[in-house]
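Engineer: My questions all concern the structure below.
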2 protein chains.
Amino acid sequence: MARMAKVVELPSITKLNKIQGKIAAQLIQALRQAVQNGDLQAGDPLPSSRELAMTLSVSRGTIIEVYDQLLAEGVLEARARQGTFVSDNLARSKRQQTQKWTNTHATQIQLTPAAQAYAEVLKEFKPLPHLPFAVSVPVGRTQPNDIWRKFGNRYRARGVAAPSGYDDPQGVFSLRVAIADYVRRSRSVHCEAEQIVITSGIQQALYICSQILFKAQDQVWVEDPAYRGTTALLENSIQPLHIVRVPVDEEGIQVDTGINLAPNARAAFVTPSHQYPIGMPMSLARRTALLAWAKQQSAWIIEDDYDSELRYSGQPFPALQGLAPEQVIYLGTFSKVLFPSLRLGYAVLPKALVSPFCGLRVLIDRHPPSADQHVLAAFIQEGYLERHIRRIRNVYAENRRYLIGMIERYIPKHLGYLQAGDQGMHMVLWLADYMDDREIAQAALDAGIAIKAVSPTFSLERKRSGLVLGLGDFDQDQIKIAIQTVAIILKSHAKPNRIERS
Amino acid sequence: MARMAKVVELPSITKLNKIQGKIAAQLIQALRQAVQNGDLQAGDPLPSSRELAMTLSVSRGTIIEVYDQLLAEGVLEARARQGTFVSDNLARSKRQQTQKWTNTHATQIQLTPAAQAYAEVLKEFKPLPHLPFAVSVPVGRTQPNDIWRKFGNRYRARGVAAPSGYDDPQGVFSLRVAIADYVRRSRSVHCEAEQIVITSGIQQALYICSQILFKAQDQVWVEDPAYRGTTALLENSIQPLHIVRVPVDEEGIQVDTGINLAPNARAAFVTPSHQYPIGMPMSLARRTALLAWAKQQSAWIIEDDYDSELRYSGQPFPALQGLAPEQVIYLGTFSKVLFPSLRLGYAVLPKALVSPFCGLRVLIDRHPPSADQHVLAAFIQEGYLERHIRRIRNVYAENRRYLIGMIERYIPKHLGYLQAGDQGMHMVLWLADYMDDREIAQAALDAGIAIKAVSPTFSLERKRSGLVLGLGDFDQDQIKIAIQTVAIILKSHAKPNRIERS
């Protein structure tokens, strides 16, 4: 108990209405408010779940549910041997403290360089709280509808989605059939179910590709800028690779530059439908040039097609894969069109790669969990996925227009320039290059706004400053206030002589 | 359609009783029978789901469900560009054909040595059909009860297990709290929730350990014999390691031999509670010696505690971890006590390893799917896991006694010697060393019996012949017939002058 002596009082929490029920929801709300009001400050310790349960005479399970929710939201954070605290993210000044336990409790065994590098990587992938402008948060009208839940209940209760033994490393057959139908129809991907491997999102497919496609010292083209999940894993590959960052312009990857830099590269990692993070599709000329180079060099193309379904004007571009199915590894995910915590995606592979890919996957995690695969198979086969995509496309289009309007209204042009594109779940607000976007993103996070800096997606030489804003079905007032707050933060980081009077 | 011209007639299938309903179940049964009767032969092609649906006037979804089930059972198999076939596993003579498409459709791009090696690995991890004596198949009374399903429905419907955004790479907090409570209580593991990482079974934890703990050319102790999931990944590590196989005797790993062979090894992979596959626990003397060596060398101990909960006489041994929490990486799984297709396990890590471990996990798959983590957290917290374990322990004990009786009755001692142990979900039937256990396991599979050879778990020098028999709640008659069939197969593989007259 001694270590909890400093536990704070929870002033607003005694007003629980037990008759009304939903104790957990009431408590979550009360704690959120206490943090917002400043009754609870960043770094304040909370009572243990057991203590709080006793104090309030509610079950410990309720308190754990409450803490869990607030941990997920980033309001609270858990620290080893210390307990649960109000998140330090909310006040930057205290942040140095959060790493303490790792150091004070270090073992006598020295960590390998790889282990140290991975510990650094982790810091970059801290999940954002479910607040504007986090990407791919299934809130409001973008949540899967009731059918998803009902299918889950139905298929888990009996039949193929009920608890079972070890399953196919490639993924369940019915889901592969459903995905093959879907990508053939919607993405012009040329494939059969036997070429599809169900993965835990695109990240797992990228990881496995990085392990099976290359020999030590191979050269690999990567767009500049690119998704940090791609560059981080190539940079930290235990087998050393030469990562050749190839600049991107308004047509996409500059194939000529790539050929000048590394004509014999073994592969190119690209995002042809919707360049990440900038947002435009790859032009037809570049597609042709890229494929011609890849054919001549017998190089692989890894096509990351993470959110092509969400195009707001006209049809999505067909996938590169359809033009060279023997050389293109096509990667898709349900994180964007359904929800990220499902952890299901797929790789469409040239046939010779299916066994190597599944062979490593077996050693990594045996196979994906089975039940949700069956549920998703039925959801797709019966047409609900495409219906859901049509619905969320409209929602995102609407939110996109609103967000663009708010940015135009509140963020002066000399501070931020919006590149909206006509596709996807995010936009980039470019900043003046003297501004430190990571510092600004952190200041935003401290103010309760989930935003990402764009600079880590660039190589050092081509680094630009900007903010990645995700479109979610958040409350319009919440979005408006968030943009107003971002404007204030930007002004406070701008050079004094450039600030407009307002 | 041309490629389907040879599709077989399905004689027994036209008798569907559509009024009775459960069309899928009827079809599954009819197809299984057709295979058993010999109406359908190994290698016979089946109609496409679309065709069969039209022929029988049922929905295509029904046919896909049927094929899916029979694919999972190993009755059917899917081949690229060709369709669905009666499994070749059922007749060994045709087996060479199954690999054909991989070769005929090879791309012009040469595969790396790593890719080729992983393709070989895959062959060893083909899931067994859900038949006796597959390990860890949740059939009969070993299935999770209705509470599991109800919790799933309840927690998915609202609250924390509903669809959500990107989540904690370490796993959801409430599940880590529940597991910490559980392993402290039941396994004397010394830990807090902050040291626990939720993994996709033990395999993922082994994989991540193999990637973060070592530098190239490090020596690593591995038991001989050992779980093939451990040796396969160390042998195929892209970063080359020296795998030092340390023999196991009736007390467990021979620590002295290990010290003679490789005193400076960086780690030891061990199964102290229930040596895999032999089945005995590590003696106290060996535990002490192993820990003393590890402390002196600052070596890691990776403690794979895959099924310690199922001990039939007395209490399970406490985990090694409790004696040296700063050096032991403790691995547990729900594959054995709940079901494998859940794909949830956990690693209890020395604190310094939590960030490196999660850093690589983020690059591999971001985080485990969230919903089942919340369901499982509630299931454990409310006491249902321990109740379930008590129940299945009784079921497995009963089945174990029955299986031992059948083996004693039908398998002559000179052909097979049973090592039953008093723990776990499998037993080893040792064979005379001149017998090829892999050939026998294949013959058993051809006869509809799911059995594994023990020889791949040994190093070449110490190779022994035997069969791994899993305990499942299969029908007693099914078990009896399977043992009788195994006896016949063993006799047919025995040297003629040793066969008893019977």
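Engineer: Go through region A:235-258 and report how many residues are hydrophobic (A, V, I, L, M, F, W, C) and in contact with a Phe, Trp or Tyr (Cβ under 8 Å, 6 or more places away or on another chain).
Structural biologist: Residues flagged as hydrophobic (A, V, I, L, M, F, W, C) and in contact with a Phe, Trp or Tyr (Cβ under 8 Å, 6 or more places away or on another chain) within region A:235-258 amount to 5.
Engineer: May I pose another question? Please specify each residue of region B:290-317 satisfying the condition of being open to solvent by less than 40 Å² (accessible area, probe 1.4 Å) and modelled with pLDDT of 95 or more.
Structural biologist: B:Leu290, B:Leu291, B:Trp293, B:Ala294, B:Ser298, B:Ala299, B:Trp300, B:Ile301, B:Ile302, B:Glu303, B:Asp304, B:Asp305, listed by residue number.
Engineer: Moving on to the next point. Test of understanding: among B:Ala91, B:Ala106, B:Ala117, which residue is at pLDDT 85 or above, hydrophobic (A, V, I, L, M, F, W, C) and either within 27 Å of A:Arg361 (Cβ to Cβ) or surrounded by fewer than 16 Cβ atoms within 10 Å (Cβ to Cβ) (or both)?
Structural biologist: So the residue among B:Ala91, B:Ala106, B:Ala117 that is at pLDDT 85 or above, hydrophobic (A, V, I, L, M, F, W, C) and either within 27 Å of A:Arg361 (Cβ to Cβ) or surrounded by fewer than 16 Cβ atoms within 10 Å (Cβ to Cβ) (or both) is B:Ala117.
Engineer: Another one. If you check B:Ala443, B:Ala450, which single one turns out to be open to solvent by 20 Å² or more (accessible area, probe 1.4 Å), at pLDDT 95 or above, more than 29 Å from B:Pro318 (Cα to Cα) and not charged (D, E, K, R)?
Structural biologist: B:Ala443
Engineer: I'd like the full set of residues that are more than 18 Å from A:Pro129 (Cα to Cα), assigned to a strand (DSSP E or B) and not aromatic (Phe, Trp, Tyr), limited to region A:428-466.
Structural biologist: A:Val428, A:Leu429, A:Leu431, A:Gly466 - these are the residues of region A:428-466 that are more than 18 Å from A:Pro129 (Cα to Cα), assigned to a strand (DSSP E or B) and not aromatic (Phe, Trp, Tyr).
Engineer: Residues in region A:422-438: is at least one open to solvent by less than 10 Å² (accessible area, probe 1.4 Å), at pLDDT 95 or above, out of contact with any helix residue (DSSP H, G or I) (no Cβ under 6 Å at 6 or more places or on another chain) and of a type in the set (S, T, N, Q)?
Structural biologist: For region A:422-438, residues open to solvent by less than 10 Å² (accessible area, probe 1.4 Å), at pLDDT 95 or above, out of contact with any helix residue (DSSP H, G or I) (no Cβ under 6 Å at 6 or more places or on another chain) and of a type in the set (S, T, N, Q): absent.
Engineer: Counting just the residues of region B:171-186 that are surrounded by fewer than 24 Cβ atoms within 10 Å (Cβ to Cβ) and away from chain A (no Cβ under 11 Å), which one comes out farthest from A:Gly359 (Cα to Cα)?
Structural biologist: Of everything passing the filter in region B:171-186, B:Arg185 is farthest from A:Gly359 (Cα to Cα).
Engineer: Under 8 Å by Cβ, and 6 or more places apart or on different chains, what pairs join a residue from region B:145-164 that is in contact (Cβ under 8 Å) with a residue 12 or more places away in the chain and charged (D, E, K, R) with one that is in a helix (DSSP H, G or I) and open to solvent by less than 30 Å² (accessible area, probe 1.4 Å)?
Structural biologist: B:Arg156/A:Gly152; B:Arg156/B:Ala371; B:Arg156/B:Val375
Engineer: Identify the residue in region A:318-356 that is modelled with pLDDT of 95 or more and of a type in the set (Lys, Arg) and, among all such residues, is nearest to A:Phe173 (Cα to Cα).
Structural biologist: Here the residue is A:Lys351.
Engineer: Inspect region B:434-441 for any residue being within 30 Å of A:Leu363 (Cβ to Cβ), in contact (Cβ under 8 Å) with a residue 40 or more places away in the chain and more than 21 Å from the chain's Cα centre (by Cα) and give the result as yes or no.
Structural biologist: Looking through region B:434-441, at least one residue is within 30 Å of A:Leu363 (Cβ to Cβ), in contact (Cβ under 8 Å) with a residue 40 or more places away in the chain and more than 21 Å from the chain's Cα centre (by Cα).
Engineer: Sticking with this structure for a sec: Within region B:160-170, identify whether any single residue is out of contact with any Phe, Trp or Tyr (no Cβ under 6 Å at 6 or more places or on another chain), in a helix (DSSP H, G or I) and aromatic (Phe, Trp, Tyr), and answer yes or no.
Structural biologist: no
Engineer: So B:Pro132 passes all but one of these: (1) facing another protein chain (nearest Cβ under 9 Å); (2) in a loop (DSSP other than H, G, I, E, B); (3) of a type outside the set (Val, Ile, Thr). Which condition number does it fail?
Structural biologist: (1)
Engineer: With respect to B:Gly448, is the statement that it is in contact with a strand residue (DSSP E or B) (Cβ under 6 Å, 6 or more places away or on another chain), more than 30 Å from A:Leu331 (Cα to Cα) and touching a residue at least 24 places away in the same chain (Cβ under 8 Å) true?
Structural biologist: Values: in contact with a strand residue (DSSP E or B) (Cβ under 6 Å, 6 or more places away or on another chain): no; more than 30 Å from A:Leu331 (Cα to Cα): yes; touching a residue at least 24 places away in the same chain (Cβ under 8 Å): yes.
Answer is no for this residue.
Engineer: Still on this structure, please answer the following. Could you grab me the full set of residues in region B:111-127 that are at the interface with chain A (Cβ under 7 Å from one of its Cβ atoms) and assigned to a loop (DSSP other than H, G, I, E, B)?
Structural biologist: B:Leu111, B:Thr112, B:Phe125, B:Pro127
Engineer: Could I ask something else about it? Within region A:135-151, take every residue that is more than 7 Å from chain B (Cβ to nearest Cβ) and open to solvent by less than 70 Å² (accessible area, probe 1.4 Å) and give me the one that is modelled with the lowest pLDDT.
Structural biologist: Filtering region A:135-151 for residues that are more than 7 Å from chain B (Cβ to nearest Cβ) and open to solvent by less than 70 Å² (accessible area, probe 1.4 Å), the one modelled with the lowest pLDDT comes out as A:Asn145.
Engineer: Being polar (S, T, N, Q) and in contact with a strand residue (DSSP E or B) (Cβ under 6 Å, 6 or more places away or on another chain) is the filter here; which residues of region A:238-274 pass it?
Structural biologist: Within region A:238-274, A:Gln254, A:Thr257, A:Thr271 meet the criteria.
Engineer: Condition first: open to solvent by 30 Å² or more (accessible area, probe 1.4 Å) and of a type in the set (Ser, Thr, Tyr). Now tell me which residues in region B:155-170 satisfy that.
Structural biologist: B:Tyr155, B:Tyr166
Engineer: Additional query: Any residue at all in region A:273-286 that is modelled with pLDDT of 95 or more and over 25 Å from the mean Cα position of the chain (by Cα)?
Structural biologist: Checking region A:273-286: at least one residue is modelled with pLDDT of 95 or more and over 25 Å from the mean Cα position of the chain (by Cα).
Engineer: Moving on. Failed condition for B:Lys413, given (1) over 22 Å from the mean Cα position of the chain (by Cα); (2) closer than 20 Å to B:Tyr276 by Cα; (3) free of Cβ contacts under 8 Å to residues at least 40 places away in the same chain, with all others met?
Structural biologist: (2)
Engineer: Looking only at region A:354-361, decide whether some residue is of a type in the set (S, T, N, Q), at the interface with chain B (Cβ under 8 Å from one of its Cβ atoms), surrounded by fewer than 24 Cβ atoms within 10 Å (Cβ to Cβ) and outside any loop (DSSP other than H, G, I, E, B).
Structural biologist: Taking every residue of region A:354-361 in turn, at least one turns out to be of a type in the set (S, T, N, Q), at the interface with chain B (Cβ under 8 Å from one of its Cβ atoms), surrounded by fewer than 24 Cβ atoms within 10 Å (Cβ to Cβ) and outside any loop (DSSP other than H, G, I, E, B).
Engineer: Now for a different question. Just one of the numbered conditions (1) surrounded by fewer than 19 Cβ atoms within 10 Å (Cβ to Cβ); (2) of a type in the set (Asp, Glu); (3) at the interface with another protein chain (Cβ under 8 Å from one of its Cβ atoms) is not true of B:Glu398; which one?
Structural biologist: (3)
Engineer: Let me ask something else about it. Filter region A:222-251 down to the residues that are surrounded by fewer than 24 Cβ atoms within 10 Å (Cβ to Cβ) and away from chain B (no Cβ under 14 Å) and list them by number.
Structural biologist: Result: A:Asp224, A:His242, A:Ile243, A:Val244, A:Arg245, A:Pro247, A:Asp249, A:Glu250, A:Glu251.
The values are calculated or read from the model by the stated rules, or taken from the named source; none is laboratory data. Since this is a predicted model, take the numbers as computed values, not measurements. FYI the Cβ positions are ideal-geometry reconstructions off the backbone, even for glycines, and counts take in every protein chain you see. The protein model used for the area step is the full one, side chains on, heavy atoms only, and it has no ligands, DNA or RNA in it. Shrake-Rupley method; radii C 1.70, N 1.55, O 1.52, S 1.80 Å.
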